[in-house]
Every structure is written in structure tokens, then in C-alpha cells.
Amino acid sequence: EAAQKELGLSDSIDTLKQRAADDLVNQTLLAQAAVAAGHTLDDTALQARIDELSAQMSAGTTLADWMTAQGYDDGSLRTALRRAMLAAWQRDQIEAAVPQTAEQVHARQILVYKEETAQRLYSEIQSGADFATVASEVDPISGGDLGWFPKGYLLQADVEKAAFSLEAGKISEIIQTPIGYHIIEVIERDPQRQLSPDARLTLQEAALNQWIEQRRTESQISLSLP
């Protein structure tokens, strides 16, 4: 609540409580899985983390001051840190399991905001107009090039689905999404291509979210919010 005021935000108390509860549940599920996997966290490692926090305090502020401001005592701080460190270990295991390579498509798109424009450009392409030329006219900066991407990377799932359904050199029909009308041309395909750092990060985030969602489904979770 104090952070909301400091940042000038206005989320309701109920929203803040639910957000904090969700984070606590997710951390607990991850920490439980770490323990079940045999990972241990000894008191030496925990104390090292506390010492690290103390060293990070700004000038004139002690760890004790920070704990008081955040509502911690020594016991609750150690409990929270232990849970967070166990959760971080399990998160790292989930993310590390994402492969370095994946099936990928290299495609370009034509994206316009009016259906009639999309229909006109699609007819031109079907009549023999060069896709790359038309795409460059619509988007002079990138020429509509989407680069290489794996499944689960693009924000528009229907565009991605269309791209992965096409062979190299083929062109999609018009695809309507919330942001406009797309026409896709697949340039190349690769069954196992090295993921870019950004693409792998996106897949890692998706894997983590999927893991948490599955664990929530399998778990009995009871919340009692004050």
C-alpha cells in the first residue's frame, strides 16, 4: 500500500491483497517442489543472503530499519528468504529445462488496419505482385520481416499458427486479429534452430507459467485474507 502511494498508483486494497496472495502461493509451490526434489538450504547459505541484504542497504539505513518498515522480525524474514531462495532454485530448474533449439519459422507479414486494404493487397499478390515489395511498401522500416521465431513466441497466436502451417515460399490467407489484418509469407523453415536469447527467455517464462498453473490445479490451496 505504501509503495502504491509512493508510485502514484491507485490499485484497490483487495487487488493488492490478491496479488500478494498469488505471489505467496506461487513461491510456496515452487519451494515445496524444490524440497521434494532433494534441494536443501542450510543456515550458512541463509545467513549469507541476510548479510548480502544488509550490505545493500543505502547509507544511513540498517537492515533492522528496513525490516521494521517492511513488517518483518528476524523469524519472519528468515522464513520469507528461505522460501524465496528455494523457489528461485526450482524456477531455475524449470527454465534450464527449456531446450536451446526448437522448430522455427522465418516469415514476413503485411499488416494493415482496414479489411478492404488487406483484400486489395491480397488480390495484388494473388495476381503476381511480389510479396516482399508489397510488404516493404506497407512497412518501409522492416519490410514486414518477423525474423525467426518458435511456437509460443509471437503475441498474435493466429498469425503464428498460420505461419507454422505453411511451407517455405507459401502465403497465407488474410488473418484477422485484434490489431489488424495480416497476410503471412513463410521464407524459411528449420526443424531445429538455435533460439535467440529473447525467444528462449519467452519460452522459459511460458514454461514457468505453465508449471505454476499445473501445480495450482493439482494442489489444495486455502486462502484467508485479512
Going by alpha carbons, how many degrees (0 to 90, nearest 10) lie between the helix axis of 197-218 and the longest principal axis of the chain? 60
Counting residues in region 19-105 as N, plug N into 2.2 N^0.38 Å and put the Cα Rg over that result. 1.36
Let me see the pair-distance distribution of region 125-226: every alpha carbon pair, 5 Å bin width, integer percents in order. 2, 10, 16, 19, 17, 12, 7, 6, 4, 3, 3, 1, 0, 0
How high is the FRET efficiency from ARG216 to LEU166, r the C-beta distance, R0 41 Å, rounded to 0.05? 0.70
Once the Cβ-Cβ distance between SER54 and ALA88 is put in as r, and R0 is 25 Å, what FRET efficiency do you end up with, to the nearest 0.05? 0.85
Just the projected area, averaged over all directions, of the convex hull on the alpha carbon atoms of region 68-144: how many nm²? 11.0
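When N counts the residues of the chain, how does its alpha-carbon radius of gyration compare numerically with 2.2 N^0.38 Å, as a ratio?
1.43
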Ignoring ligands and nucleic acids, what accessible area does TYR153 show with a 1.4 Å probe (Å², nearest 10)? 70
Gain upon complete extension [THR28, ASP74; 0.36 nm per residue less C-alpha separation]: 14.6 nm
In nanometres, what is the gap between the two model label sites at ILE187 and GLU124, each 7 Å from Cα along Cα-to-Cβ? 2.0
Per-residue ³J(HN,Hα) for region 77-93, Karplus 6.51 cos²θ - 1.76 cosθ + 1.60, θ = phi - 60°, Hz, x for Gly and Pro: 5, 5, 4, 5, 5, 4, 4, 5, 6, 5, 4, 5, 4, 5, 4, 4, 5
So the carbon and sulfur contribution to the accessible area of the chain, 1.4 Å probe, in percent, is 50
Expressed as a whole number of Å, what is the distance separating the alpha-carbon centroids of region 91-134 and region 50-74? 50
Could you estimate the translational diffusion coefficient of region 126-171 from the Stokes-Einstein equation, with Rh from the Kirkwood formula over C-alpha pairs, at 10 °C and 1.306 mPa s, in whole µm²/s? 132
Solvent-accessible area per residue for the chain (1.4 angstrom probe, square angstrom): 62
Taking θ as phi - 60°, what are the ³J(HN,Hα) couplings along region 174-181 by the Karplus curve (6.51, -1.76, 1.60), each to the nearest whole Hz, with x for Gly and Pro? 6, 10, 8, 10, x, 9, x, 10
So what's the angle, to the nearest 10 degrees on a 0 to 90 scale, between helix 43-55 and the longest Cα principal axis of the chain? 80
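The values are calculated or read from the model by the stated rules, or taken from the named source; none is laboratory data. Everything numeric in this text was worked out from a predicted model, so none of it was measured. For neighbour counting, all protein chains shown are included, and Cβ atoms are generated from backbone atoms with ideal geometry for every residue, glycine included. Surface accessibility is based on the protein's heavy atoms, side chains included, excluding ligands, DNA and RNA. Shrake-Rupley method; radii C 1.70, N 1.55, O 1.52, S 1.80 Å.
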